[in-house]
Amino acid sequence: MVGSSLINELRNSGYKNLIFKDSNDLDLRNQKEVELFFKNEKPNVVIIAAAKVGGIQANNIYRAEFIYDNLMIQSNLINSSYISKVDKLIFLGSSCIYPKLSLQPIKEEYLLSNTLEYTNEPYAIAKIAGIKLCENYFKQYGCNFLSLMPTNLFGYNDNFDLSTSHVLPALLRKFHEAKNESKDFVEVWGSGNPKREFMFVDDLSNAIKFVMENIDAEDIYKLNLSHINIGTGKDISIKELSIVIKKIVGYKGEIIFNQSKPDGTLKKLLNIKRINDFGWFPKTDLNSDIKKTYNWFKKNV
(Lines give C-alpha, C1' and ligand atoms only; values in the text may rest on other atoms or scores of the structure.)
Protein backbone atom coordinates (compact mmCIF):
# COMPACT_ATOMS: atom_id res chain seq x y z
CA MET A 1 0.00 0.00 0.00
CA VAL A 2 2.65 2.52 1.04
CA GLY A 3 5.10 1.51 -1.69
CA SER A 4 2.63 1.90 -4.56
CA SER A 5 1.36 5.22 -3.21
CA LEU A 6 4.92 6.52 -2.78
CA ILE A 7 5.86 5.55 -6.33
CA ASN A 8 2.87 7.55 -7.63
CA GLU A 9 3.79 10.54 -5.44
CA LEU A 10 7.39 10.58 -6.65
CA ARG A 11 6.51 10.06 -10.32
CA ASN A 12 3.92 12.84 -10.17
CA SER A 13 6.62 15.09 -8.68
CA GLY A 14 9.01 14.44 -11.57
CA TYR A 15 11.25 11.73 -10.11
CA LYS A 16 12.26 9.22 -12.78
CA ASN A 17 15.10 7.02 -11.48
CA LEU A 18 13.00 4.83 -9.20
CA ILE A 19 14.50 1.44 -8.29
CA PHE A 20 12.29 -1.27 -6.82
CA LYS A 21 11.86 -5.03 -7.00
CA ASP A 22 8.92 -7.37 -6.67
CA SER A 23 9.12 -9.55 -3.56
CA ASN A 24 9.26 -12.60 -5.84
CA ASP A 25 12.53 -11.28 -7.31
CA LEU A 26 14.23 -10.09 -4.12
CA ASP A 27 13.86 -11.62 -0.64
CA LEU A 28 14.70 -8.75 1.72
CA ARG A 29 15.21 -11.26 4.54
CA ASN A 30 18.18 -12.71 2.67
CA GLN A 31 21.38 -10.77 3.41
CA LYS A 32 23.30 -11.93 0.33
CA GLU A 33 20.43 -11.06 -2.03
CA VAL A 34 20.08 -7.59 -0.51
CA GLU A 35 23.81 -6.89 -0.62
CA LEU A 36 23.95 -7.95 -4.29
CA PHE A 37 20.97 -5.72 -5.08
CA PHE A 38 22.75 -2.69 -3.59
CA LYS A 39 26.01 -3.55 -5.33
CA ASN A 40 24.26 -3.72 -8.72
CA GLU A 41 21.77 -0.84 -8.38
CA LYS A 42 23.73 1.68 -6.24
CA PRO A 43 20.73 3.70 -4.97
CA ASN A 44 21.23 7.26 -3.69
CA VAL A 45 18.14 7.31 -1.45
CA VAL A 46 16.47 4.36 0.27
CA ILE A 47 12.94 4.42 1.69
CA ILE A 48 12.05 1.34 3.73
CA ALA A 49 8.33 0.78 3.29
CA ALA A 50 8.72 -3.02 3.24
CA ALA A 51 7.51 -4.88 6.34
CA LYS A 52 5.40 -7.79 7.50
CA VAL A 53 2.27 -6.10 8.84
CA GLY A 54 -1.20 -7.02 10.04
CA GLY A 55 -3.99 -6.26 12.48
CA ILE A 56 -4.45 -7.32 16.08
CA GLN A 57 -5.28 -10.95 15.18
CA ALA A 58 -2.33 -11.47 12.82
CA ASN A 59 0.08 -9.75 15.22
CA ASN A 60 -0.94 -12.05 18.03
CA ILE A 61 -0.95 -15.31 16.01
CA TYR A 62 2.21 -14.89 13.91
CA ARG A 63 4.37 -13.47 16.70
CA ALA A 64 7.64 -15.15 15.68
CA GLU A 65 7.23 -14.21 12.00
CA PHE A 66 6.44 -10.61 12.86
CA ILE A 67 9.62 -10.11 14.86
CA TYR A 68 11.95 -12.24 12.70
CA ASP A 69 10.88 -11.05 9.24
CA ASN A 70 10.90 -7.38 10.21
CA LEU A 71 14.25 -7.57 11.99
CA MET A 72 15.83 -9.23 8.96
CA ILE A 73 14.26 -6.90 6.36
CA GLN A 74 15.29 -3.66 8.05
CA SER A 75 18.71 -4.87 9.26
CA ASN A 76 19.71 -6.02 5.77
CA LEU A 77 18.50 -2.80 4.13
CA ILE A 78 20.03 -0.46 6.69
CA ASN A 79 23.41 -2.17 6.80
CA SER A 80 23.60 -2.50 3.01
CA SER A 81 22.78 1.22 2.75
CA TYR A 82 25.73 1.93 5.04
CA ILE A 83 28.09 -0.30 3.03
CA SER A 84 26.91 1.28 -0.23
CA LYS A 85 27.28 4.85 1.14
CA VAL A 86 23.64 5.76 0.48
CA ASP A 87 23.04 9.53 0.71
CA LYS A 88 19.82 9.27 2.74
CA LEU A 89 17.69 6.50 4.23
CA ILE A 90 14.14 6.87 5.58
CA PHE A 91 12.81 4.04 7.76
CA LEU A 92 9.06 3.74 8.35
CA GLY A 93 7.95 2.43 11.71
CA SER A 94 4.54 2.27 13.37
CA SER A 95 2.72 4.03 16.19
CA CYS A 96 2.55 0.68 18.03
CA ILE A 97 6.17 1.30 19.14
CA TYR A 98 4.79 3.39 22.00
CA PRO A 99 3.79 2.06 25.44
CA LYS A 100 0.28 0.71 25.91
CA LEU A 101 -0.52 3.28 28.61
CA SER A 102 1.31 6.21 27.04
CA LEU A 103 0.31 9.79 27.79
CA GLN A 104 -1.83 11.31 25.01
CA PRO A 105 -1.26 12.72 22.47
CA ILE A 106 1.93 10.67 22.13
CA LYS A 107 5.19 12.62 21.87
CA GLU A 108 8.31 11.11 20.31
CA GLU A 109 10.01 11.23 23.73
CA TYR A 110 7.60 8.63 25.14
CA LEU A 111 9.35 5.79 23.32
CA LEU A 112 10.60 3.10 25.76
CA SER A 113 8.97 4.85 28.73
CA ASN A 114 6.70 1.93 29.70
CA THR A 115 5.39 -1.54 28.74
CA LEU A 116 4.21 -2.31 25.19
CA GLU A 117 0.77 -3.67 24.21
CA TYR A 118 1.12 -7.48 24.40
CA THR A 119 -0.69 -8.37 21.16
CA ASN A 120 1.73 -6.43 18.94
CA GLU A 121 4.85 -6.55 21.12
CA PRO A 122 6.98 -8.59 18.64
CA TYR A 123 6.22 -6.21 15.76
CA ALA A 124 6.80 -3.17 17.97
CA ILE A 125 10.15 -4.46 19.23
CA ALA A 126 11.30 -5.06 15.66
CA LYS A 127 10.33 -1.52 14.67
CA ILE A 128 12.04 -0.05 17.73
CA ALA A 129 15.19 -1.95 16.74
CA GLY A 130 14.96 -0.34 13.27
CA ILE A 131 14.72 3.13 14.82
CA LYS A 132 17.76 2.45 16.99
CA LEU A 133 19.70 1.07 14.04
CA CYS A 134 19.18 4.32 12.13
CA GLU A 135 19.98 6.44 15.16
CA ASN A 136 23.21 4.62 15.98
CA TYR A 137 24.43 4.32 12.39
CA PHE A 138 24.21 8.14 12.45
CA LYS A 139 25.97 8.41 15.81
CA GLN A 140 28.79 6.00 14.94
CA TYR A 141 29.20 6.45 11.19
CA GLY A 142 27.48 9.78 10.45
CA CYS A 143 24.95 8.10 8.13
CA ASN A 144 22.02 10.28 7.06
CA PHE A 145 19.52 7.65 8.26
CA LEU A 146 16.28 8.77 9.92
CA SER A 147 12.98 7.25 11.03
CA LEU A 148 9.35 8.30 10.62
CA MET A 149 6.50 6.89 12.71
CA PRO A 150 3.24 6.91 10.75
CA THR A 151 -0.11 6.49 12.42
CA ASN A 152 -2.69 3.91 11.23
CA LEU A 153 -2.90 3.99 7.43
CA PHE A 154 -5.59 3.13 4.90
CA GLY A 155 -6.12 3.55 1.19
CA TYR A 156 -5.64 2.00 -2.24
CA ASN A 157 -3.89 -1.39 -2.32
CA ASP A 158 -4.65 -1.98 1.36
CA ASN A 159 -4.93 -5.51 2.77
CA PHE A 160 -8.61 -6.48 2.98
CA ASP A 161 -8.07 -10.06 4.20
CA LEU A 162 -10.23 -10.41 7.32
CA SER A 163 -7.70 -12.64 9.09
CA THR A 164 -4.67 -10.34 8.65
CA SER A 165 -5.91 -6.82 7.90
CA HIS A 166 -6.10 -3.71 10.07
CA VAL A 167 -9.39 -2.48 11.47
CA LEU A 168 -10.47 0.06 8.82
CA PRO A 169 -10.10 -2.15 5.71
CA ALA A 170 -11.55 -5.09 7.67
CA LEU A 171 -14.64 -3.05 8.52
CA LEU A 172 -15.03 -1.92 4.91
CA ARG A 173 -15.02 -5.52 3.76
CA LYS A 174 -17.34 -6.72 6.55
CA PHE A 175 -19.98 -4.08 5.84
CA HIS A 176 -19.69 -4.56 2.07
CA GLU A 177 -20.21 -8.32 2.31
CA ALA A 178 -23.01 -7.93 4.87
CA LYS A 179 -24.80 -5.57 2.48
CA ASN A 180 -24.39 -7.90 -0.52
CA GLU A 181 -25.48 -10.95 1.49
CA SER A 182 -28.38 -9.11 3.24
CA LYS A 183 -27.07 -9.98 6.71
CA ASP A 184 -28.97 -8.70 9.76
CA PHE A 185 -25.87 -7.55 11.64
CA VAL A 186 -22.12 -6.96 11.40
CA GLU A 187 -19.91 -8.13 14.25
CA VAL A 188 -17.12 -5.77 15.28
CA TRP A 189 -14.37 -6.95 17.62
CA GLY A 190 -14.13 -5.36 21.05
CA SER A 191 -16.23 -2.76 22.84
CA GLY A 192 -15.96 -0.10 20.14
CA ASN A 193 -14.59 2.36 22.72
CA PRO A 194 -10.88 2.43 21.74
CA LYS A 195 -9.88 5.50 19.76
CA ARG A 196 -7.57 5.41 16.77
CA GLU A 197 -6.00 7.92 14.41
CA PHE A 198 -6.26 7.17 10.68
CA MET A 199 -4.32 8.72 7.81
CA PHE A 200 -4.88 8.29 4.08
CA VAL A 201 -1.83 6.62 2.57
CA ASP A 202 -1.27 9.37 -0.03
CA ASP A 203 -0.85 11.81 2.85
CA LEU A 204 2.02 9.71 4.21
CA SER A 205 3.64 9.55 0.77
CA ASN A 206 3.54 13.33 0.59
CA ALA A 207 5.13 13.53 4.05
CA ILE A 208 7.90 11.11 3.03
CA LYS A 209 8.70 13.19 -0.05
CA PHE A 210 8.74 16.33 2.11
CA VAL A 211 11.18 14.73 4.57
CA MET A 212 13.34 13.38 1.73
CA GLU A 213 13.67 16.87 0.26
CA ASN A 214 13.83 19.01 3.41
CA ILE A 215 14.95 17.14 6.54
CA ASP A 216 18.23 15.36 7.36
CA ALA A 217 19.05 12.97 10.20
CA GLU A 218 21.02 15.67 12.01
CA ASP A 219 17.91 17.88 12.13
CA ILE A 220 16.12 15.20 14.15
CA TYR A 221 18.91 13.92 16.37
CA LYS A 222 20.01 17.40 17.45
CA LEU A 223 16.54 17.70 19.04
CA ASN A 224 17.42 14.61 21.12
CA LEU A 225 14.79 12.63 19.22
CA SER A 226 15.19 9.22 17.60
CA HIS A 227 12.33 9.71 15.09
CA ILE A 228 9.47 11.97 13.98
CA ASN A 229 5.73 11.23 14.21
CA ILE A 230 3.59 11.46 11.06
CA GLY A 231 -0.17 11.63 11.66
CA THR A 232 -3.31 13.72 11.44
CA GLY A 233 -3.61 14.89 15.05
CA LYS A 234 -7.22 13.63 15.18
CA ASP A 235 -8.73 10.36 16.37
CA ILE A 236 -12.08 8.56 16.26
CA SER A 237 -13.57 5.70 18.27
CA ILE A 238 -14.00 2.31 16.59
CA LYS A 239 -17.73 2.66 17.26
CA GLU A 240 -17.88 6.02 15.44
CA LEU A 241 -15.71 4.66 12.62
CA SER A 242 -18.07 1.70 12.23
CA ILE A 243 -21.03 4.07 11.86
CA VAL A 244 -19.16 6.17 9.27
CA ILE A 245 -18.26 3.08 7.22
CA LYS A 246 -21.78 1.65 7.54
CA LYS A 247 -23.15 4.86 6.02
CA ILE A 248 -20.57 5.01 3.21
CA VAL A 249 -21.19 1.38 2.25
CA GLY A 250 -24.96 1.81 2.50
CA TYR A 251 -25.54 -1.08 4.91
CA LYS A 252 -28.91 -1.05 6.72
CA GLY A 253 -28.44 -3.74 9.41
CA GLU A 254 -27.23 -3.58 13.00
CA ILE A 255 -23.72 -3.33 14.46
CA ILE A 256 -22.90 -5.76 17.28
CA PHE A 257 -19.73 -5.29 19.35
CA ASN A 258 -18.19 -8.58 20.54
CA GLN A 259 -16.69 -7.61 23.88
CA SER A 260 -15.12 -11.05 24.33
CA LYS A 261 -12.53 -9.99 21.72
CA PRO A 262 -9.53 -7.79 22.65
CA ASP A 263 -9.69 -4.01 22.42
CA GLY A 264 -5.96 -3.42 22.29
CA THR A 265 -4.70 -0.01 23.42
CA LEU A 266 -7.61 2.24 24.44
CA LYS A 267 -6.24 5.42 22.86
CA LYS A 268 -3.38 6.02 20.43
CA LEU A 269 -3.09 9.56 19.08
CA LEU A 270 0.22 10.96 17.86
CA ASN A 271 1.51 14.41 18.73
CA ILE A 272 2.56 15.84 15.33
CA LYS A 273 3.96 19.19 16.48
CA ARG A 274 7.52 18.27 15.41
CA ILE A 275 6.66 17.56 11.75
CA ASN A 276 4.39 20.65 11.74
CA ASP A 277 7.33 22.74 12.99
CA PHE A 278 9.38 21.49 10.02
CA GLY A 279 6.61 22.71 7.70
CA TRP A 280 4.48 19.66 6.82
CA PHE A 281 0.74 19.42 7.59
CA PRO A 282 -1.73 16.56 6.90
CA LYS A 283 -4.56 16.78 4.37
CA THR A 284 -6.54 13.61 5.24
CA ASP A 285 -10.33 14.01 5.14
CA LEU A 286 -11.58 10.81 6.77
CA ASN A 287 -15.02 10.69 5.18
CA SER A 288 -14.00 11.46 1.59
CA ASP A 289 -10.82 9.35 1.75
CA ILE A 290 -12.73 6.32 3.06
CA LYS A 291 -15.14 6.80 0.13
CA LYS A 292 -12.17 6.79 -2.28
CA THR A 293 -10.83 3.63 -0.64
CA TYR A 294 -14.22 1.90 -0.79
CA ASN A 295 -14.63 2.75 -4.49
CA TRP A 296 -11.17 1.31 -5.15
CA PHE A 297 -12.06 -1.81 -3.15
CA LYS A 298 -15.23 -2.42 -5.18
CA LYS A 299 -13.34 -2.16 -8.47
CA ASN A 300 -10.22 -4.09 -7.51
CA VAL A 301 -11.03 -6.52 -4.68
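The values are calculated or read from the model by the stated rules, or taken from the named source; none is laboratory data. No experiment lies behind these values; they were computed from the predicted model shown. Glycine gets a Cβ as well: all are built from the backbone with ideal geometry, and neighbour counts include every protein chain shown. Just the protein is used for accessible areas: all its heavy atoms, side chains included, with ligands, DNA and RNA removed. Shrake-Rupley method; radii C 1.70, N 1.55, O 1.52, S 1.80 Å.
Listing for the model above:
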| item | result |
| --- | --- |
| Between segment 83-117 and segment 21-54, the alpha-carbon center distance in angstrom | 22 |
| Among 252-259, 117-124, the order from most to least packed when residues are scored by Cβ within 10 Å on average | 117-124, 252-259 |
| Net dipole in debye of segment 90-185 [+1 Lys, Arg Cβ; -1 Asp, Glu Cβ; about Cα centre; nearest 20] | 140 |
| Local electrostatic count, residue 95, Cβ distance below 13 Å [Lys/Arg +1, Asp/Glu -1] | +3 |
| Straight-distance crosslink candidates among aspartates and glutamates, where the alpha carbon sits under 17 Å from residue 299 and sequence neighbours closer than 8 are dropped | 158, 161, 177, 289 |
| Under the Karplus curve 6.51 cos²θ - 1.76 cosθ + 1.60, θ = phi - 60°, whole-Hz ³J(HN,Hα) for segment 245-258, x wherever Gly or Pro sits | 5, 4, 5, 4, 6, x, 7, 10, x, 8, 10, 10, 9, 8 |
| Ellipticity estimate at 222 nm from DSSP helix runs (n ≥ 4, -39,500 (n - 2.57)) divided over the chain, nearest 500 | -14000 deg cm²/dmol |
| Simple Cβ-charge dipole of the chain, Lys/Arg +1 and Asp/Glu -1, about Cα centre, in debye nearest 20 | 420 |
| Under the Karplus curve 6.51 cos²θ - 1.76 cosθ + 1.60, θ = phi - 60°, whole-Hz ³J(HN,Hα) for segment 110-118, x wherever Gly or Pro sits | 7, 4, 6, 8, 6, 6, 7, 5, 4 |
| The chain: relative contact order as a whole-number percent, Cα under 8 Å and 6+ apart | 21 |
| Dimensionless Rg ratio for segment 261-301, taking C-alpha atoms and the 2.2 N^0.38 Å reference | 1.72 |
| Amide proton proximity set for residue 152, modelled H, under 5 Å, gap of 5+ | 197, 199 |
| Sites residue 177 and residue 8, calculated FRET efficiency, Cβ-Cβ separation with R0 22 Å, nearest 0.05 | 0.20 |
| 19 Å reach of a label modelled at residue 157, 7 Å along Cα-to-Cβ, counting backbone N of segment 77-117 | 90-94 |
| Charge sum, other residues only, whose C-beta stays under 12 Å from residue 264's C-beta, Lys/Arg counted +1 and Asp/Glu -1 | +3 |
| Paired Rg and Dmax values of segment 40-137, which use every Cα atom, in angstrom | 14.3, 46 |
| Heavy atoms of residue 68 accessible to a 1.4 Å probe, total area in Å² rounded to 10 | 130 |
| Accessible area expressed per residue, segment 1-79, with surrounding protein chains retained (probe 1.4 Å, Å²) | 60 |
| Within the accessible area of the chain (1.4 Å probe), percent carbon and sulfur | 48 |
| With 10 Å bins from 0: P(r) over segment 32-81, alpha-carbon pairs, percent | 23, 45, 23, 9 |
| Hull volume in cubic angstrom per residue (convex hull over the Cα atoms of segment 154-203) | 90 |
| Proportion of all alpha-carbon pairs of segment 171-279 beyond 18 Å (%) | 61 |
| Contact order normalised by residue count of segment 1-135, Cα under 8 Å, 6+ apart, percent | 27 |
| Accessible area (Å², 1.4 Å probe, nearest 10) - residue 138 | 50 |
| Stretchable slack from residue 15 to residue 260, in nm (0.36 nm times residue separation minus alpha-carbon distance) | 83.3 nm |
| Point-to-point label distance, residue 87-residue 125, nm (Cα→Cβ direction, 7 Å offset) | 3.8 |
| DSSP bridge orientation in the chain - percent antiparallel, rounded to nearest 5 | 10 |
| Of 136, 152, 24, the one that fluctuates the most in a GNM where the chain has Cα springs shorter than 10 Å | 24 |
| Coarse-grained scattering of segment 1-74 at q = 0.24, 0.26 Å⁻¹, given as base-10 log I(q)/I(0) from a Debye sum over alpha-carbon atoms | -1.20, -1.28 |
| Solvent accessible area, Å² - residue 268, 1.4 Å probe, full protein context | 20 |
| Gap separating the Cα centres of segment 185-215 and segment 282-301, nearest whole Å | 12 |
| Anchor residue 100: aspartates and glutamates whose Cα lies under 20 Å away (excluding residues fewer than 8 positions away in-chain) | 108, 109, 117, 121, 197, 235, 263 |
| Unsatisfied cross-links (Cα-Cα over 30 Å) in the set 16/195; 209/268; 183/298; 132/209 | 16/195 |
| Cut-off 20 Å, label 7 Å out along Cα→Cβ of residue 283, residues of segment 199-232 by amide N | 199-215, 230-232 |
| Percent of alpha-carbon pairs separated by more than 24 Å within the chain | 52 |
